[in-house]
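The values are calculated or read from the model by the stated rules, or taken from the named source; none is laboratory data. Note that the structure is predicted; figures quoted are calculated from it, not measured. Because the Cβ atoms are built from the backbone with ideal geometry, glycine has one as well, and the counts that use them run over all protein chains shown.
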Amino acid sequence: MKKVYTVLLIMVITSAVDIAASPQLDVRIAQNAITASSGNLVSVQITYENVGDSDLQLYLFVYDDGSNETSPRPTFTYEGGTYSTAIDTGVIFGVLTLPLNEFQTIEIVFDIGPAVIPGEYVLHIGGYQEKVEDSYIGYDDDILVLTVLPAVLSAPVLVSPAHAEVDAVPGLVWTPVQGARGYTWEIATSNTVDETGLFTDVVCSGSTTTESAVITCDLQKDIKIKQITRYDNPQKTGDLEQEHGIKVKGPSGQFLLDTPLGIDGYKQTDGRHND
């Protein structure tokens, strides 16, 4: 009697499991807090590093979180292009190919225009590879806090009276100062000033938004002229003062104008006037 054997062959077929690539990005800003005056350029270095397991094709962006929302926004440039941010909006300013395990540092330059209101501006700077529905793949950013200070003004230069003899009471004319909201001038009989930097022995004074003024007081002797340039902001930070001396030659009405008072006649105050 023959025995019959049944051979059961079990075959398990497996396939290689596809492990999806995991794009990962690390973004680092060289200096996260920067302070600059209005009217200046600010350079920012950002490093993008590929820390995932595949090459990255990145979109580079700046996102404005809306701080100081009533102000015009700072603009910035990158590789010859100029870009503007908008509140609660990201702006793409470039693309970057970043191979596996490599990094690249770029530079963008912010232009803090004179219309930008002093204060803090919080900006997110980063990159991502793609957007899938509401998710960003290969995303990272770093935060820049840009503190804008009032513009640093130069001192006005007195154009007239010139350093010569004149036959009548001279008018005042000075050079314009960019960013100034107006000018205050004083005429006094001494160089003595109070704690705010203003003359104590004032003969006459005035304020104007133009670059000239008419002297209406009677100049007698040892007269000093001071101009004060004001910032176009409530704090009046960094007011600059410049003095020029005027001496009366005699009762005939001719005025002999001295040379400027020199370094002692040019001073920068502590910037905290309350007047």
So which strands (runs of 3 or more DSSP E) stay within the range 56-111 end to end and still have 3 or more residues that are surrounded by fewer than 15 Cβ atoms within 10 Å (Cβ to Cβ)?
81-84, 89-98, 103-111
Within the bounds of the range 202-218, is there any residue that is surrounded by 16 or more Cβ atoms within 10 Å (Cβ to Cβ), at pLDDT below 75 and over 21 Å from SER38 (Cβ atoms)?
no
Taking VAL116, is it at pLDDT 95 or above and among the aliphatic types (A, V, I, L, M)?
no
Hey, could you check the range 125-135 for residues that are of a type outside the set (D, E, K, R) and surrounded by fewer than 16 Cβ atoms within 10 Å (Cβ to Cβ) and say which is nearest to the chain's Cα centre (by Cα)?
SER135
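Of everything in the range 177-201, what is modelled with pLDDT of 75 or more and in contact with a Phe, Trp or Tyr (Cβ under 9 Å, 6 or more places away or on another chain)? Give them in sequence order.
VAL177, TYR183, TRP185, GLU186 - these are the residues of the range 177-201 that are modelled with pLDDT of 75 or more and in contact with a Phe, Trp or Tyr (Cβ under 9 Å, 6 or more places away or on another chain).
Per-residue answers, yes or no, for (1) at pLDDT below 90; (2) touching a Cys at 6+ places or on another chain (Cβ under 8 Å); (3) among the hydrophobic types (A, V, I, L, M, F, W, C):
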{"residue": "VAL4", "(1), (2), (3)": "yes, no, yes"}
{"residue": "ILE10", "(1), (2), (3)": "yes, no, yes"}
{"residue": "ALA16", "(1), (2), (3)": "yes, no, yes"}
{"residue": "SER22", "(1), (2), (3)": "yes, no, no"}
{"residue": "ILE29", "(1), (2), (3)": "no, no, yes"}
{"residue": "ASN32", "(1), (2), (3)": "no, no, no"}
{"residue": "ALA36", "(1), (2), (3)": "no, no, yes"}
